[in-house]
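What follows is a short report on a single structure.
Each reported figure results from applying straightforward, stated rules to the coordinates on display, with no laboratory input. A quick note: this is a predicted structure, and the numbers were derived from the prediction, not measured. Glycine gets a Cβ as well: all are built from the backbone with ideal geometry, and neighbour counts include every protein chain shown.
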Amino acid sequence: MTDTILSLKNVTKKFGRQLALDNVSLDVKKGDIYGLIGRNGSGKTTIMKVIADLSNETYGQITLLGHAKESSKYNQGLNRIGSAIESPAAFNALNAYQNMKIICLQRGIHDFSVIDETLKFVNLADTGKKKFKQFSLGMKQRLGIAMALVNQPDFLILDEPINGLDPIAIVELRELLVKINQERETTIFISSHILTELYQVSTRFGFIHKGKMIQEITKDEFDAIVTEGIVVKVEDAAKAAVVLSENVTDDFEVLSQHEIKISSTSLSVAEINKLLVVYDIYVEGIDK
Ligand SMILES: Nc1ncnc2c1ncn2[C@@H]1O[C@H](COP(=O)(O)OP(=O)(O)OP(=O)(O)O)[C@@H](O)[C@H]1O
C-alpha cells in the first residue's frame with residue numbers, strides 16, 4: 001500500500017460566494033497523527049467533511065487510501081475509515097452499548113463482540129445503564145471515538161475531540177489517541193484550534209487560516225523552529241502579547257492561547273519573567 005493515506009491537491013470549497021477552502025493541499029502519511037490546527041471558522045470541519053464525502057469540494061483532487069474521490073472506488077477508501085465529525089452523533093436516551101449497537105448495524109457489523117471490546121479499549125467498559133446524556137464531555141468524546149472504531153479503521157478522522165475537555169480528560173484523550181495509533185496502527189487526522197492540545201501527540205501539523213493551508217510541518221521541524229526563541233507559557237497569551245509589544249519588542253509570535261515564542265535575542269529569560277509578573281501576568285513556565 002502507498003505510504004500516503006490521504007492527499008488533497010488544491011481543494012477549494014465555496015458556500016455561495018464564501019470561500020471556505022482556498023486551494024488547500026495536504027498529505028497525511030501512514031502512521032501519522034496529523035494535527036490540523038486552525039482558529040474557529042478556518043475550514044477544519046469543511047476539510048473533514050469533503051474527505052468523508054459528507055460534502056462536495058468545488059474544485060481540486062482528493063485521494064484516500066489510494067482511491068481518487070471522483071472514482072467509484074472511493075467508497076472502498078471510505079469503508080476503511082472511521083470518523084467523528086462535529087459533535088458525537090449518539091442518542092441521548094441510550095447507553096454506550098446501545099449507541100454502539102446502532103452504529104454496528106448501520107455499518108453492517110453483526111458480530112457485536114466488537115462493542116464490549118471497543119468500549120473497554122476506550123475505557124468506557126463500566127458505564128452500564130448510564131445514558132449518553134448523563135456522560136461527562138470526556139466520556140462523550142470517547143464514545144464518539146469508540147463509534148468511529150467499530151469497523152477497525154486504517155484511518156481515523158476526528159474533528160475537535162479535545163474541545164472543551166477538562167485537563168484530566170485531555171490527558172486521557174491524548175493517551176487514547178497514542179494507543180489507537182500505536183496498538184492498532186491507525187493513522188489519525190485530528191483537528192484543534194489550540195496547538196498545545198495536540199503538540200504532544202502529533203507527528204505532523206498543518207496550519208490552516210481563513211481556508212488557506214499556511215504551512216505543513218513535521219513535529220521535528222516544528223521543534224527546531226520553536227527552540228530558536230524563548231517560549232513563554234502564560235495564562236493569557238493575548239494579554240502578554242500586548243505587554244511585550246508596548247514595552248519591549250514586537251519580535252514574537254503567539255503560538256496558542258497560552259504560549260508565546262519570543263525571537264528577540266536581546267531579552268533574557270529573567271527580564272521577560274520580571275516584565276510579565278509586573279503586569280500581573282501569571283507565568284507558568286519559560287523554555288529557552
Ligand atoms: N453549510 C455552510 N454554509 C455556509 N457556510 C458554511 C457552511 N459550513 C461552513 N461554512 C463556513 O465555512 C467556513 C469554515 O467553516 P468550518 O466549520 O469548516 O470551520 P472550522 O475551522 O471547523 O471552525 P469551528 O472550529 O468553528 O468548527 C466558516 O466561515 C463557516 O461559516
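Brief remarks follow.
- Evaluating 6.51 cos²θ - 1.76 cosθ + 1.60 at θ = phi - 60° for every residue in the stretch 58-68, the Karplus couplings come out as 8, 9, x, 10, 10, 10, 10, 6, x, 10, 6 Hz, glycine and proline recorded as x.
- Whole-Hz Karplus values for the stretch 43-52 come out as x, 5, 5, 4, 4, 5, 5, 5, 5, 7 Hz, taken residue by residue from phi with 6.51 cos²θ - 1.76 cosθ + 1.60 and θ = phi - 60°; glycine and proline positions read x.
- Plainly put, the stretch 4-224 has a radius of gyration that is 0.96 times its Kirkwood radius, both from alpha-carbon atoms, as the Rg/Rh ratio.
- Gain in span if fully extended, residue 278 to residue 71, counting 0.36 nm per residue against the direct Cα distance: 68.4 nm
- Pairs with C-alpha atoms separated by more than 22 Å, drawn from the list 101/140; 14/69; 140/233; 233/288, are 140/233.
- Assuming charge only on the beta carbon of Lys and Arg (+1) and of Asp and Glu (-1), the dipole of the chain about its Cα centre is about 1320 debye to the nearest 20.
- At 1.002 mPa s and 20 °C, Stokes D of the stretch 19-91 from Kirkwood alpha-carbon radius, µm² per second: 158 µm²/s
- Neighbours of residue 82 by Cβ distance under 13 Å: Lys/Arg scored +1, Asp/Glu scored -1, total +1.
- Fully extended contour minus Cα-Cα distance, from residue 218 to residue 287, at 0.36 nm per residue: 22.8 nm
- The length gained by stretching the chain between residue 241 and residue 54 to full extension, at 0.36 nm per residue less their Cα-Cα distance, is 63.4 nm.
- The calculated FRET efficiency for the pair residue 200 and residue 136, based on their C-beta separation and a Förster distance of 30 Å, comes to about 0.85.
- Restricting the calculation to alpha carbons of the stretch 228-287 gives Rg and Dmax of 9.7, 27 angstrom.
- Overall, the stretch 219-282 carries a charge dipole of about 180 debye about its Cα centre when +1 sits on the Cβ of Lys and Arg and -1 on the Cβ of Asp and Glu, all other atoms neutral.
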